[in-house]
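The values are calculated or read from the model by the stated rules, or taken from the named source; none is laboratory data. All of these numbers come straight from a predicted model, not from anything done at the bench. Note that we place each Cβ from the backbone using ideal geometry, even for glycine, and neighbour counts take in every protein chain shown. These area figures cover heavy atoms from the full protein model, side chains too; ligands, DNA and RNA do not enter into them. Shrake-Rupley method; radii C 1.70, N 1.55, O 1.52, S 1.80 Å.
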Amino acid sequence: MTRLIVDGIEIDVPPEYTLLQACEEAGAEIPRFCFHERLSIAGNCRMCLVEVKGGPPKPQASCAVAVRDLRPGPNGEPPVVLTKSEMVKKARYGVMEFLLINHPLDCPICDQGGECDLQDQAIAYGFDSSRYAENKRAVEDKYIGPLVETSMNRCIQCTRCVRFMAEVAGTGEMGAIGRGEDMEITTYLESAMYSELQGNIADLCPVGALLPKPNLFKARSWELVRTESIDVMDALGSAIRIDTRGREVMRVLPRTNDAINEEWISDKARQTVDGLKTKRLDRPFVREGGRLREASWQTAFRVIAERLHQSRPERIGAIAGDLCAAEEMFALKLLLRSLGSPSIDCRQDGTKLDPRLGRASYLFNPSIAGIEEADGLVIVGSNPRKEAPVLNARIRKRWLRGGFPIALIGERANLTYDYQYLGAGTQSLADLAGRRLGEFERPVFLIGQGALAREDGRTVLALAARAAAANGALKPGWNGLAILHTAAARAGGLDLGLVPDEGGLDAAAMTKRGALDVLFLLGADEIAVEPGAFTVYQGTHGDRGAACADVILPGATYTEKSGLYVNTEGRVQLAERANFPPGNAREDWAILRALSGALGHKLPFDSLSALRKKLYDAYPHCARHGKIAAHDPLDLALLAAAGEKIASTPFASPVADFYKTNPIARASAVMAECSALALRFAQEAAE
């Protein structure tokens, strides 16, 4: 630790701290534009100037000076730093004056108004006049894609966006051209960006130069009600904030959670907002004469009850979809069990994961943050960039530090970091199970659904576990077997045991012609249902599940209900309700409770709190929000005992189109535009 005195307060800080961080540790507020804790130091805005006693007789950029570089006093006294002296005050006045020379007076029409760093710091550290009366420079706005709008007259060249795209996103799509007054921030040849994390640069921009294009001129920040929630567009469970005005969701922003997403979110998490209100189901429907007609809740329940009473329990089944919260999956399980049905499944993608093999067999055991402690990575049957872009950024962050070799088995992909390609399928994995890639202390074997959602998925999982054990990933104090899910509901469904009982059918078997008399789809839109069974669809959008349904029950999206989600590492998180469902749509647990009464099998709860109490009693770990419950180590013998003949088919990522993985995303016009651009870019790259 290094001792120094900041504004008369003596503190001890690590020597690698910057002077800016040390000053903030002492409680001093240091203005900044270019400095960001998660990006490299640029030192080009000069707003963070401080005075260092005994140093050069001029202000110092506190973001670019390390504490270890300060010299002690003549008699060994700790270095003295002043953040409020006349020198500092005058320097900040001058810097702010320079920054505002060319900045337009756009505040009344700028969407950044009310949450703009430049506004705030001009009030706090500037003054009310300027010596400069010259004409302001004009910069042509650039097209950089459908997600980020540019107004480059406002740009102060802090280069946060440039550094983010180069360091975190890993695509390096933005840069600076020209020098001095002619300097401009732009993409290469003013082309659209293709990173799945590009929307984060609008959050990073300290002025209104980069703004979220789909949200332009729709709301002011002070009009919005903020609700903390959890992202369900992938299985990571990133922390988000949902901003609403009245009943409408206006935008989604990231919240800081160092254990999962740090302060980034994917573009799909951020900009599917328009999909929340497009193609929505807002009233029940019943199919008559081959056509769906509007019906009352009582009529829909009566039609379902009549059909169920004509069916035997073993001819009834249910599939839970990818966006379901734990409460409605638990209620669905209770309802199916009360009807006597053994056929229930949450694995509509066909993955062969099974809770009977132990919790360690289907979770991201080293944890997301644990990637930074690892010293090697093997990716099997996954494309993290498409399946979990924020996780991919975390992997890149660890790779940039060095000493982190990465190997890949599966389809080749641009993952924004270098890797050793070991092969395409099971033979390469089998070879790895018999040899060591290197001497690792804490390696991670990341297994994707591209390796598990296939007929031999159970055998592949056992083979991957053997390879992990052979390379030192499974040992006391470290479980490096990391299962990466693609669905927000998957880990929660497995925790709750939503898999077929003995004699029951799995999701694939239930959808076959003649397999069942009645099939209940709880938000299951990613599976094709063959004609034959009487199908009840409870969901939010007129998507694939609704198209094949005989009865439609309108449910609530993740923003319209309070629910628990278990992310891929097993962390239980609470998503709060931000707005209300449209029309006659209702929360899913409430629909299931009302339906159970109509069926004569009334579920034992009348409120969400009562349902959660039942859930917590049955599964106590669900009550520990934000925590990862401890579980037994992986049982390799049990895993190896359950398997089938392995196929030689190459592994392929289940996410073909990142922007269209669920009904909300498919209903979004913004995601459709992003998807078309991504397809065009892929075609150009192939040529």
Farthest toward positive dipole pole in the chain [+1 Lys/Arg, -1 Asp/Glu at C-beta], among Ala393, Phe520, Tyr143 | Phe520
Determine ³J(HN,Hα), in whole Hz, for all residues of the stretch 42-48 in sequence, where each value follows from phi through the Karplus function 6.51 cos²θ - 1.76 cosθ + 1.60 and θ = phi - 60°; x replaces Gly and Pro.
-> 9, x, 10, 8, 6, 7, 8
Post the alpha-carbon centroid distance, the stretch 446-481 to the stretch 581-658, in whole angstrom.
-> 22
Two pseudo-spin positions, 7 Å from Cα along C-beta at Asp617 and at Phe580, lie apart in nanometres by 3.1
Just subtract the alpha-carbon distance of Glu10 and Arg226 from 0.36 nm times their residue separation and send over the number in nm, one decimal.
-> 73.9 nm
Send over a whole-number figure in Å² for the accessible area per residue of the stretch 512-592, probe 1.4 Å.
-> 27
Using only Cα atoms, tell me the angle between helix 608-618 and the longest principal axis of the chain; keep it within 0 to 90° and round to the nearest 10.
-> 80
What full-extension length gain, to one decimal in nm, is calculated for Arg247 and Asp657 as 0.36 nm per residue of separation minus the Cα-Cα distance?
-> 144.6 nm
So, with a 1.4 angstrom probe, what is the percent of accessible area on the chain that is carbon and sulfur?
-> 51
What is the chain by shape, rounded, prolate or oblate, if you read a ≥ b ≥ c off the alpha carbon gyration tensor as root eigenvalues and call it rounded for a/c under 1.5, prolate for a/b larger than b/c, and oblate otherwise?
-> prolate
Using label points projected 7 Å from each Cα along Cα→Cβ, tell me how many nm separate Ala637 and Asp431, to one decimal.
-> 3.2
Which loop-located trypsin sites (Lys or Arg not before Pro) does the stretch 403-477 contain, where loop means any DSSP state but H, G, I, E or B and the Cβ has at most 10 other Cβ atoms within 10 Å?
-> Arg412, Arg435
How long is the gain from Arg71 to Phe217 if the chain were fully straight, where each residue apart is worth 0.36 nm and the alpha carbon distance is subtracted?
-> 47.5 nm
Which semi-axes, in whole Å and largest first, does the equivalent ellipsoid of the stretch 1-94 have when worked out from the alpha carbon gyration tensor as the square roots of 5 times its eigenvalues?
-> 19, 16, 11
Rh (Kirkwood; distinct C-alpha pairs) - the stretch 310-366, Å = 12.9
So for the pair Ala176, Lys475, with labels modelled 7 Å out along Cα→Cβ, what separation do we get in nm?
-> 4.7
Cα-Cα over 31 Å: which of Lys475/Lys613; Lys277/Lys333; Lys475/Lys660; Lys90/Lys218; Lys397/Lys660?
-> Lys475/Lys613; Lys475/Lys660; Lys90/Lys218
Computed, not fitted: 222 nm per-residue ellipticity of the chain from DSSP H runs ≥ 4 (each -39500 (n - 2.57)), nearest 500, equal to -7000 deg cm²/dmol
From the square roots a ≥ b ≥ c of the eigenvalues of the alpha-carbon gyration tensor of the stretch 458-599, which class results: rounded (a/c under 1.5), prolate (a/b over b/c), or oblate?
-> oblate
Student exercise, the chain dipole from Lys, Arg, Asp, Glu Cβ charges, in Debye to nearest 20 = 980
Evaluate E = 1/(1 + (r/R0)^6) for Ala124 and Gln420, where r is the Cβ-Cβ distance and R0 equals 51 Å; express this FRET efficiency to the nearest 0.05.
-> 0.50
Indicate the gyration tensor shape class of the stretch 552-680 (rounded, prolate or oblate), computed on the Cα atoms with a ≥ b ≥ c the square roots of the eigenvalues: a/c under 1.5 is rounded; otherwise a/b larger than b/c is prolate and the rest oblate.
-> oblate
Phi to ³J(HN,Hα) by Karplus 6.51 cos²θ - 1.76 cosθ + 1.60 over the stretch 94-107, Hz, x for Gly, Pro | x, 4, 5, 4, 5, 4, 8, 4, 10, 6, x, 8, 9, 3
Share of antiparallel DSSP beta bridges in the chain, in percent to the nearest 5?
-> 55
Shape parameters for the stretch 345-422, alpha-carbon atoms, Rg then Dmax in Å | 13.8, 42
